[in-house]
């Protein structure tokens, strides 16, 4: 029987396999940030251990960093202490740093691909559930907790068991104005937040193959929101073209050897998936969430659902509680929902293509009177690139706030938060209660819907907009 | 990690599905750099905003077994969610289904996660609602949860069970195989990326 892509990558990294024990799996790249690592470094010190492979480890500051007053020390003393702990720990153990303000700093899942550190066929982990992002390159990438961060620091391995295999096949072409974000929100709405539990998801089909690397990252990023620890896409010419010339991509003969190995990374024709989901790309429209988990999403043309319409009792209870928290009434058209804040950014949608799509819609337009829009690039490099292209000027001319790089309002560990009762349209990945600030209400959207929503102040599809000057 | 063999305590019913780790402990409580002291963030939004929330009810103040709805622990990989439950006095969480990373973290942090069939979870929730003083025993040796006259068996792989029963440090176990890791590293392709020059 053939193997899936994920099974091939897994098997290539088995260090040790013994009956009755989990496999020991080698980790090619360990990404570290300030929130989930301090206790791991303390653990190393307490046990007299060291970091086995600092040369396969990369750190950055992202969750706590402010996006304004970038040159001042972090005002929140607790946030500052956590960032300083990361600097001390990584200096002590010889790990590469990306301090605030330097070009390499940014959201951990943006900088890995940007530096060319994320490559096909690798195993990649980070103490962060959105590590699945790196699966866009055909890597097996997943989030871990702090105990496992310590395990990887000490041994460059993890104990693992093979996951179940799921295929999400999307054939056809995405309609104009429909993006990777809409696609993944539709997938999660279809299979639910537990649908991928215990599985690795491989996204396949012509619609997926037609996507750029950044769009592929958006899809793999939210695999965790479908309950899967990892999601991945077979590498192809698009992948190789993205990687060629990046700082850590192989060169010369090494490049040829790497590409030859990468071309082998595809699911065999006779491989068997434990579960298969098929989606017709042409049927998709912009998706938005109405509830408090990422599976509670609908096409933007729909209305807030009636909890009584859910057959399953637990879905019904979840919908009731979501509507109460979100302050929504069943039957309200989603397009009638007004928002206070639009957030464009995060490891889901904080890359240059996301900023370009939003800027194109905002060019010559203005953010609605009672709405604020935050634009937070995923990394300093993305910020610089956007500024070279003049996107920052488009955003500021439209009345949006052009900020520094980081996780920002995706989870509000820095000062970028919603006030209680405030409502956002957010290009991030989680609409959990309080995720963007205590009492804040989140609607997950694509960058294009975010921009269109900023202009009208209500949830809006890009196709709804009257062109500037018309 | 503390060893876990068997635990008897009272149980609190958390009749909610999809309890994500942002509800278990919100991001602003993750800034602490120690491994303990996370109880102040445990379910803090619900404890603050909902007077009737189960953990605000005095009869459940001493509960050490949490009996939750399906898909408990979704979302972020923060092990702080496990630590917050432990710091808040819980030794066991019972649910019909857990998110993968939360469950995996629990096997490292010493919080026992037990999957029971949905009907048994419901029955246990009913029982501890009817009598909040009802003793519930979670027996990792026998792989059983016992309350009143009920016994519900659960599955756990033998290796993880052994590690929990002994309270063994994962890293120490892996370090027995350093030769295998050395050999694997020697065979890795030279073009694989390195972060340092």
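Could you work out, residue by residue across A:387-393, how many beta carbons of other chains sit within 10 Å of that residue's beta carbon, and then give the average as an integer? Before the final figure, lay out the partial values.
Values: counts 0, 0, 0, 0, 0, 0, 0.
Mean shielding by partner chains, rounded to a whole number: 0.
Take the alpha carbon atoms of segment A:150-177, find their center, do the same for segment B:1-27, and report the distance between the two centers in whole angstrom.
Taking the Cα centre of segment B:1-27 as reference, the centre of segment A:150-177 is 27 Å away.
In what sequence do A:309, B:17, A:424, A:446 fall when counting other Cβ within 10 Å, fewest first? Don't skip to the answer; put the middle values down first.
Working: A:309 10, B:17 24, A:424 28, A:446 31.
Least crowded to most crowded, the residues run A:309, B:17, A:424, A:446.
Average partner chain C-beta neighbours within 10 Å, per residue of B:76-88? Write down the numbers at each step before the final one.
Numbers: counts 13, 17, 8, 10, 5, 1, 3, 3, 0, 0, 0, 0, 0.
Per residue, the average neighbour count from other chains is 5.
Tell me, how many Å apart are the Cα centres for segment A:208-282 and for segment A:445-470?
So the two Cα centres are separated by 31 Å.
So if each residue of separation counts as 0.36 nm, and I subtract the Cα-Cα distance between residue B:176 and residue B:151, what length gain in nm does that give? Provide the component values of the computation, followed by the final result.
On the way: separation 25, 0.36 × 25 = 9.00 nm, distance 3.83 nm.
My answer for the length gained is 5.2 nm.
Express the relative contact order of chain A as a whole percentage, based on alpha carbon pairs under 8 Å and six or more residues apart in sequence. If you can, show how the numbers build up before the last one.
Working: 1138 pairs, mean separation 80.5, N = 470.
About 17 percent, as a whole number.
What average number of partner chain Cβ atoms lie no more than 10 Å from the Cβ of the residues making up A:141-153? Intermediate results must be reported in sequence, preceding the final value.
Details: counts 0, 4, 7, 6, 16, 10, 14, 8, 2, 4, 6, 1, 1.
Mean partner shielding for this stretch: 6.
Give me the percent of DSSP beta bridges within chain B that run antiparallel, rounded to the nearest 5.
Details: 12 of 25 bridges.
Looking only at bridges with both residues in chain B, the antiparallel portion is about 50 percent.
Per residue of chain B, what 222 nm ellipticity follows from adding -39500 (n - 2.57) for every DSSP H run with n ≥ 4, rounded to the nearest 500?
Details: 8 runs with 64 residues, N = 197.
My calculation for chain B gives -8500 deg cm²/dmol from helical runs alone.
When a footprinting reagent is the concern and you count Cβ atoms within 10 Å, what order do A:255, B:83, A:262 take, fewest first? It would help to have the intermediate numbers written out before the result.
Details: A:255 16, B:83 27, A:262 20.
In increasing order of surrounding Cβ atoms, one gets A:255, A:262, B:83.
From the mean inverse distance of alpha carbon pairs (Kirkwood) and the Cα radius of gyration, derive Rg over Rh for the protein assembly as shown. Intermediate results must be reported in sequence, preceding the final value.
Working: Rg = 23.7 Å, Rh = 25.1 Å.
Taking Rg over the Kirkwood Rh, I get 0.95.
Can you sort B:90, A:310, A:142, A:273 by how many other beta carbons sit within 10 Å, fewest first? Show your work: numbers first, answer last.
Details: B:90 23, A:310 15, A:142 32, A:273 20.
Neighbour counts put them in this order, fewest first: A:310, A:273, B:90, A:142.
Averaging sequence separations of C-alpha pairs under 8 Å and six or more residues apart, then dividing by the length of segment A:167-293, give the relative contact order as a whole percent.
The value is 42 percent.
Choose one answer from B:119, B:11, B:61: the residue with the largest mean-square fluctuation in a GNM of chain B with alpha-carbon springs under 10 Å.
With Cα springs under 10 Å in chain B, the top fluctuation among B:119, B:11, B:61 is at B:119.
Among DSSP bridges having both ends in segment A:5-262, what percentage is antiparallel? Round to the nearest 5.
Values: 6 of 26 bridges.
For segment A:5-262, the DSSP antiparallel bridge percentage is about 25.
For the peptides A:347-356, A:45-54, what is the packing order when you average, over each peptide's residues, the other Cβ atoms within 10 Å and list the highest mean first?
Working: A:347-356: 26.8, A:45-54: 15.4.
Top to bottom by mean Cβ count within 10 Å: A:347-356, A:45-54.
In whole percent, what relative contact order does segment B:6-186 give with Cα contacts below 8 Å and a gap of six or more residues? Don't skip to the answer; put the middle values down first.
On the way: 317 pairs, mean separation 43.5, N = 181.
Result for segment B:6-186 is 24 percent.
Tell me what chain A gives for mean residue ellipticity at 222 nm when only DSSP H runs of n ≥ 4 count, each as -39,500 (n - 2.57), the sum divided by the residue total, rounded to 500 deg cm²/dmol.
Details: 16 runs with 148 residues, N = 470.
For chain A, the value works out to -9000 deg cm²/dmol.
Quick note: the coordinates plus some simple rules give every number you see, no bench work behind them. Note that the structure is a prediction, hence the values are computed from the model and not measured. A quick note on method: Cβ atoms are made from the backbone with ideal geometry, for glycine too, and the neighbour counts reach across all protein chains shown.
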